There are 2 protein chains.
Amino acid sequence: MSKTVRAHGPATVANIGCGFDILGAALNCPGDVVTAREVDSPTVLIRKIEGDGGKLPLDPKLNSASVAVSAMLDALDRPCGIELEIKKQMPLGSGLGSSAASSVAALWAVNTLLDNPFSALELVPFAMQGEKAACGTAHADNVAPGLMGGFVLIRSSEPPDIITLSYPESLTFTVVHPHFELKTSDARRVLFEKIPLKYAIKQWGNAAALVAGLIKEDTDLISRSLEDFIIEPQRSTLIPGYNAVKEAALKAGALGCSISGAGPSVFALCESEGVATLAGEKMSAAFKAAGLSSDIYVSSVNAEGPLILD
Amino acid sequence: MSKTVRAHGPATVANIGCGFDILGAALNCPGDVVTAREVDSPTVLIRKIEGDGGKLPLDPKLNSASVAVSAMLDALDRPCGIELEIKKQMPLGSGLGSSAASSVAALWAVNTLLDNPFSALELVPFAMQGEKAACGTAHADNVAPGLMGGFVLIRSSEPPDIITLSYPESLTFTVVHPHFELKTSDARRVLFEKIPLKYAIKQWGNAAALVAGLIKEDTDLISRSLEDFIIEPQRSTLIPGYNAVKEAALKAGALGCSISGAGPSVFALCESEGVATLAGEKMSAAFKAAGLSSDIYVSSVNAEGPLILD
């Protein structure tokens, strides 16, 4: 009988306020589950996708999970056939790193199947190929935290330079996903190609200070640093009720609140599960007042990254 | 007899590659010495300035040291007269934080004279007033490291939010000061008001990574992070021989090399005094090949900030 491994790949919050394209964190929930099976024919196939409402491509050249696994097998230079089954357990196009969760789970399952030829860090470039297939850009700010766990700094994407950061253990995310579609391409299109130097300086001051706050476990500094001077002012206009949602989060005691990835989900970073739960309820109520139903995810930071389930 | 206190204020390297306007570090040498004396008349006066070639203002409303001390005394709300003597021991307008070295020494001397009503951190806003008098902008990236010692992150200038950073003890700076005048106003004028988002992202990735590298004592990461995508390409054109000087520093083994403050001095950050000494010689030789004589300062990082000399 052919070997089978099942792995969980975590949802991730990319950008984290001031850290556009350079910061991300992994969540304990939600996440996707991928089952990988070794098969005779030396190709990568997707046998089944559940929970996507038929929206994701079964074509292995287009799906982030199969593209990532193909890139990995190419690097290994040994003929090997893999069949994948993807169980989506999180919303698509939500800003929670859905394509990354699938590719991370798939890579982790196949890596385990093949007796771990790669470290988590070494898998990042393969997962980035999956991101390129899914959304056109080989960005690392979802796949790197997804694979490494915790908070991750992406100093550079080409070539990838990934730095894991320590952080206060009690930090808890609330992510509220409002039920409307915001295409990543639209979220990218609103961004100006040039930005004022004086706001860029504030942004790199905050990005550097957020990293210092995380490593020094200084929650006051984390809170002061989360403000995004560049991206949020442009993208938040695409999310109905955004200002009220953010105000609700901060009023509930969140350290900071901003757009998760390219949105439309909004995250609040909190000092405890209690604050995160309250913030989530208030944020969801603010979305409701703007005419949008939403899902709430409350999660501590996932320190491990992907997980083998069997 | 009236009380007298003499203090040393350190030279500082501001910006440090990718950290334009947000990072600075204090040096053990060079630096200025200021003597403060309590006098009866409730005003702040400058009795003498040595070593400036007559270039600095004796008018207490215009000199960084007296302006800083006046701001401090105003905040204390008790009538007090101070007479200052300034001994410049470093070049003016060199990019080594000359105005800050004087104001930091003056504040530290007067603070000691008055039995330390303020902490070093609390003195920063007064020193920033001195910077405003000296160069038009109340920036903190020289005065904050000057007062606090070590590497300092300025998350925000208005209001000041100053974070001290730990760092590898062996780090050593070489600063090479070429003998020509580069006005800070000219160095500011070449900067574009708007910058490309894609380079800004690289810059905040590097600024965040440099802070992580310092705190984690990861010299490889420090080296990878020092690159400045925004300011150096614009300002380096104002410094004859710059590219050759930088190449010489890196070839000598420096972790990184960039413009100190607004220039024209160029710093190299090195892993040891040996490398720093060699880098300084090679950099100075490269300036010479470009037709400029220069001074070399090799210094470990000044962990203490200002120093009482008596």
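The values are calculated or read from the model by the stated rules, or taken from the named source; none is laboratory data. Because the structure is a prediction, the values reported are computed rather than measured. Every residue, glycine among them, receives a Cβ derived from its backbone with ideal geometry; neighbour counts consider all protein chains shown.
Quick notes on this structure:
- Total residues in segment A:197-228, condition touching a Lys or Arg at 6+ places or on another chain (Cβ under 6 Å) and under 18 Å from B:Leu191 (Cβ atoms): 1
- Residue within segment A:264-287 that is at positive phi and not in a helix (DSSP H, G or I) present: no
- Evaluated against (1) modelled with pLDDT of 95 or more; (2) within 30 Å of B:Gln234 (Cα to Cα); (3) in the same structural domain as A:Gly291 (by TED's automatic domain parsing), A:Ile162 falls short on exactly one condition, (3).
- Scanning segment B:235-242 finds one or more residues that are touching a residue at least 40 places away in the same chain (Cβ under 8 Å), assigned by TED's automatic domain parsing to the domain that holds B:Glu271, outside any helix (DSSP H, G or I) and out of contact with any Phe, Trp or Tyr (no Cβ under 6 Å at 6 or more places or on another chain).
- Within segment B:163-180, tally of residues that are facing another protein chain (nearest Cβ under 10 Å) and either in contact (Cβ under 8 Å) with a residue 12 or more places away in the chain or in a loop (DSSP other than H, G, I, E, B) (or both): 3
- Given (1) within 25 Å of B:Leu210 (Cα to Cα); (2) touching a Lys or Arg at 6+ places or on another chain (Cβ under 9 Å), number of the condition B:Lys246 does not satisfy: (2)
- Counted residues, segment A:105-127 - those being among the hydroxyl-bearing types (Ser, Thr, Tyr) and more than 17 Å from A:Ala26 (Cβ to Cβ): 1
- Lone unmet requirement of (1) within 14 Å of another protein chain (Cβ to nearest Cβ); (2) closer than 24 Å to A:Leu114 by Cβ for A:Arg37: (1)
- Those residues of segment A:288-310 which are of a type in the set (Ser, Thr, Tyr) and either surrounded by fewer than 16 Cβ atoms within 10 Å (Cβ to Cβ) or part of a helix (DSSP H, G or I) (or both), in sequence order: A:Ser293
- Considering B:Ser265, B:Ser236, B:Ser258, B:Ser223, the condition of being within 24 Å of B:Lys198 (Cα to Cα), of a type in the set (Gly, Ala, Ser) and crowded, with 21+ Cβ neighbours inside 10 Å is satisfied by B:Ser258 alone.
- Given (1) hydrophobic (A, V, I, L, M, F, W, C); (2) modelled with pLDDT under 95; (3) assigned to a loop (DSSP other than H, G, I, E, B), index of the condition A:Ala140 fails: (2)
- Scope segment A:21-49; condition under 23 Å from A:Met148 (Cα atoms) and surrounded by 23 or more Cβ atoms within 10 Å (Cβ to Cβ); matching residues: A:Ile22, A:Leu23, A:Gly24, A:Ala25, A:Ala26, A:Leu27, A:Gly31, A:Asp32, A:Val34, A:Ala36
- For segment A:181-226, the helices (runs of 4 or more DSSP H) that sit wholly inside it and include 2 or more residues that are closer than 24 Å to A:Ala138 by Cβ and at the interface with chain B (Cβ under 7 Å from one of its Cβ atoms) are A:197-215.
- Filter result for A:Gly19 (within 14 Å of another protein chain (Cβ to nearest Cβ), under 22 Å from A:Ser170 (Cβ atoms) and in contact (Cβ under 8 Å) with a residue 40 or more places away in the chain): yes
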